[in-house]
Amino acid sequence: TCSAWQMRPESEGYVRAISPDPDKAPAINPNYLASKTDRDVLVAGLKMCRRMLETEPLAPWRIAEALPGTAVQSDDEWLDFARRNGGTVYHPTSTCRMGPDPQSVVDDQLRLHGIDRLRVVDASVMPTMVSANTNATTMMIAEKGADLIRAAAL
């Protein structure tokens, strides 16, 4: 198995409240692959996956290509496969960006701007997505957040 994805996608989707009722689900549109750059990067990545899996060192373990199948050759076919089978890798970050600018949601102490005694301590405070799995970075944010909360309580 091999996967490809755009680590810094340009495509932007949205989550919108459609009702003042908090029990109503929001409208969600991830808008995957809206950007030409995202489409080009993904197609190149999928082609690279195929090339890597076809190498001689992997031959003893290779039986046949199941997905997308060897009939997929053109960029349009690769993109169609990606649209039908792709999804997120579930590492959302950066929705409550930390920073000193007016667009930031929290300060460098993880305090929410405009609300006393409330901090955000999770992956959402990352100013930008890390180019790796978010687990270690999120654990570091949590450790730092715990230290900040303890220090403020003294």
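Taking only C-alpha pairs under 8 Å that are 6+ residues apart, what is the relative contact order of the chain in percent?
Relative CO of the chain lands at 15 percent.
Tell me, rounded to the nearest percent, the portion of alpha carbon pairs in the stretch 55-154 spaced more than 17 Å apart.
Details: 3281 of 4950 pairs.
Summing the P(r) of the stretch 55-154 above 17 Å gives 66 percent of all pairs.
At 7 Å along the Cα-to-beta-carbon direction for both V89 and M140, put a label point, then send me their distance in nm to one decimal.
Taking the simple label geometry, V89 and M140 are separated by 1.8 nm.
Along the positive direction of the dipole of the stretch 5-107 (beta-carbon charges: Lys, Arg +1; Asp, Glu -1; about the Cα centre), which of V43, S19, N29 reaches farthest?
V43
To the nearest 10 degrees, how steeply does helix 75-85 sit against the main Cα axis of the chain, on a 0 to 90 scale?
50
Which lysines, on any chain, are close to K36 with Cα under 28 Å apart, when same-chain ones fewer than 8 places away are left out?
Straight-distance partners of K36: K47.
Pairwise over distinct Cα atoms, reciprocal of the mean inverse distance: report the Kirkwood radius of the stretch 1-105 in Å, one decimal place.
Evaluated on the stretch 1-105, it is 16.7 Å.
Sort W78, W61 by accessible area with a 1.4 Å probe, largest first.
Working: W78 10, W61 195 Å².
Final ranking, largest accessible area leading: W61, W78.
Spit out the partnerless Cys residues in the chain, using Cβ distances under 4.7 Å as the pairing rule.
C96
How far is the Cα center of the stretch 1-31 from the Cα center of the stretch 59-126, in Å?
10
Would you mind putting 138-146, 22-30 in packing order, based on average other-beta-carbon counts within 10 Å, highest first?
Ranked from most to least packed, the peptides come out as 138-146, 22-30.
Might you report the magnitude of the Cβ-based charge dipole of the chain about its Cα centre, with Lys and Arg at +1 and Asp and Glu at -1, to the nearest 20 debye?
Dipole about the Cα centre, nearest 20: 180 debye.
Taking only DSSP H segments of four or more residues, each worth -39500 (n - 2.57), what value at 222 nm results for the chain once the sum is divided by all its residues, to the nearest 500 deg cm²/dmol?
-10500 deg cm²/dmol
The values are calculated or read from the model by the stated rules, or taken from the named source; none is laboratory data. In this text the structure is predicted, and so the values were computed from the model without any measurement. Methodologically, a virtual Cβ is constructed for each residue, glycine included, from the backbone with ideal geometry; neighbour enumeration extends over all protein chains shown. In case anyone asks, the SASA skips ligands and DNA or RNA and just uses the protein heavy atoms, side chains included. Shrake-Rupley method; radii C 1.70, N 1.55, O 1.52, S 1.80 Å.
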